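Each reported figure results from applying straightforward, stated rules to the coordinates on display, with no laboratory input. Everything numeric here is computed off the predicted structure, so don't read it as measured data. In this analysis, Cβ positions are derived from the backbone assuming ideal geometry, glycine residues included, and neighbour counts consider all displayed protein chains.
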Amino acid sequence: MKALVKQSAGSGFVLKDVPEPSIRDDEVLIRVRRAGVCGTDVHIYEWDDWAKGRCKPPFVVGHEFAGEVAQVGKLVTDVREGDRVTAEGHIVDGRCLLCRTGNAHVCPYTRIIGVDRDGCFAEYISMPGTNVWHLDDNISFDIGGIHDPMGNAFHTALTADIPGATVLITGCGPIGIFAVGICAAAGASRIIASDVNDTRLALAKTMGAHDAVHPEEAEATVKRWTNGLGVDVVLEMSGVPSAIHQAFALVRVGGRVQMLGIPAKPIDVNFATEIIFKGITIYGVVGRRMYDTWHQMTRFLRSGEFDPTPVITHRFPLEEIDEAMRVIKSGEAGKVILEIA
Ligand code: NAD
Ligand code: ZN
């Protein structure tokens, strides 16, 4: 089968013919139809310090996908050949303290497809049956293929108290833009989105942001809509140090900061003034809650109140991965997907 492979240390991916994955009795084989390209793939493509420390080539890359089940291991009872599915890409041990207390999203034994084992930028992928998630008939493979990053946004937004809240979203990459739509569907009373990039601010507006502003305008906008107090909730979705400080500055006293964006390096924080004396709560987001987030996502999509379609701006075949990477790095894109079959 065709697959994009991280062949060796160094930049780039190689499109090559590799054997189809074989499945164990508790796994299923999925024919991949759509795959999303994400920032993590860019790190692996560029072979930055994180990728060097984490990944062991050669392996098939990619972790966001949807497709059709092609083969089912004999211990998997609730998945059939031909089912339309996506999957949770974090494979957990299911046995540890975290997994057995409803916190599998922070399982210390997590292995991620396309990072720690073969991924989905390929014609087929094998997945444990427990990770498979069925798609409703009216959910396209396009939308199925972006459940992973959408799930990040659902997890970030819905673990805060959104109905009626004033919300600031710092960073309108694909995940931030999804979060705008989710907060709108969940009944936020004011959604202020900030980014440095006008294309992305326009997408945030399309998805329902009341205000889409540059970072330097965020303070005045927040104050205007909150009687000078600050927002109830900040979703920090950029990972940029100045935006993180701004999140702490513009959340109200007693408010909540949901931290999804990953800073490239350690940053200095004044715990006394930025966190403690403001009495705020900070929540670190890892992946998607298993499987609370998945149920919420499916129900929001089913309700028709949340439609992520406008976030997908570009599509490429596997052969054009270099162009896909260029488009992502340029900042001119929303979500970029690969059309595989
Ligand atoms: P992205 O890089 O496309 O989006 C980040 C956005 O922040 C960009 O649009 C950028 O223009 C904007 N930005 C830059 N400076 C800013 C500033 N000062 N104020 C406001 N916005 C600013 O990334 P994405 O794919 O949407 O992911 C968002 C973040 O979440 C990234 O840091 C990513 O690494 C992280 N992430 C975390 C998890 C997790 O489980 N915690 C999962 C996936 C991604
Ligand atoms: Zn575990």
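Name the lysines eligible as straight-distance cross-link partners of K265: C-alpha to C-alpha under 16 Å, and not fewer than 8 places from it in the same chain.
Answer for K265, where 16 Å is the Cα cut-off: K52, listed by chain and number.
Provide Rg over Rh for the chain; use the alpha carbon set for both Rg and the Kirkwood Rh (inverse mean inverse pair distance).
Rounded to two decimals, Rg/Rh equals 0.97.
Quick one: of K205/K335; K6/K74; K56/K329; K223/K278, which pairs are farther than 21 Å apart, Cα to Cα?
Long pairs (Cα-Cα over 21 Å): K6/K74; K56/K329.
Report, in deg cm²/dmol and to the nearest 500, the calculated mean residue ellipticity at 222 nm for the chain, where each DSSP H run with n ≥ 4 adds -39500 (n - 2.57) and the sum is divided by the residue count.
After summing the helix terms and dividing by residue count, I get -8000 deg cm²/dmol.
Under the definition of Cα pairs under 8 Å and six or more residues apart, what whole-number percent is the relative contact order of region 151-284?
So the answer I get is 23 percent.
Simple spin-label model, 7 Å along Cα-to-Cβ: K205 to D136 in nm?
Rounded to a tenth, the inter-label distance reads 3.0 nm.
Using the reciprocal of the averaged 1/r over all distinct C-alpha pairs, how large is the Kirkwood radius of region 8-107 in Å?
Computed over Cα pairs of region 8-107, the Kirkwood hydrodynamic radius comes out at 15.9 Å.
Listed highest first by mean packing, meaning other Cβ atoms within 10 Å per residue, what order do 300-306, 184-190 come in?
184-190, 300-306
Mind telling me which of A179, A160, A212 comes out most flexible in a GNM of the chain, alpha-carbon contacts under 10 Å?
Looking only at A179, A160, A212, the biggest GNM fluctuation is shown by A160.
How much length is gained on full extension from H245 to R299, taking 0.36 nm per residue of separation minus their Cα-Cα distance?
16.1 nm
Just the ratio, please: alpha-carbon radius of gyration of region 134-229 over 2.2 N^0.38 Å, N its number of residues.
Scaled against compact globular proteins, the figure is 1.11.
Where does each of 100-112, 61-73 land if you order them by average Cβ count within 10 Å, highest first?
61-73, 100-112
Give the calculated FRET efficiency between L97 and L15 to the nearest 0.05, with a Förster radius of 35 Å applied to their Cβ-Cβ distance.
E between L97 and L15, to the nearest 0.05, is 0.25.
Set the Förster distance to 25 Å, then compute FRET efficiency between K52 and K2 from the Cβ-Cβ distance, nearest 0.05.
0.40
Looking only at Cα atoms, what is the convex hull volume of region 151-284 per residue, in Å³?
91 Å³
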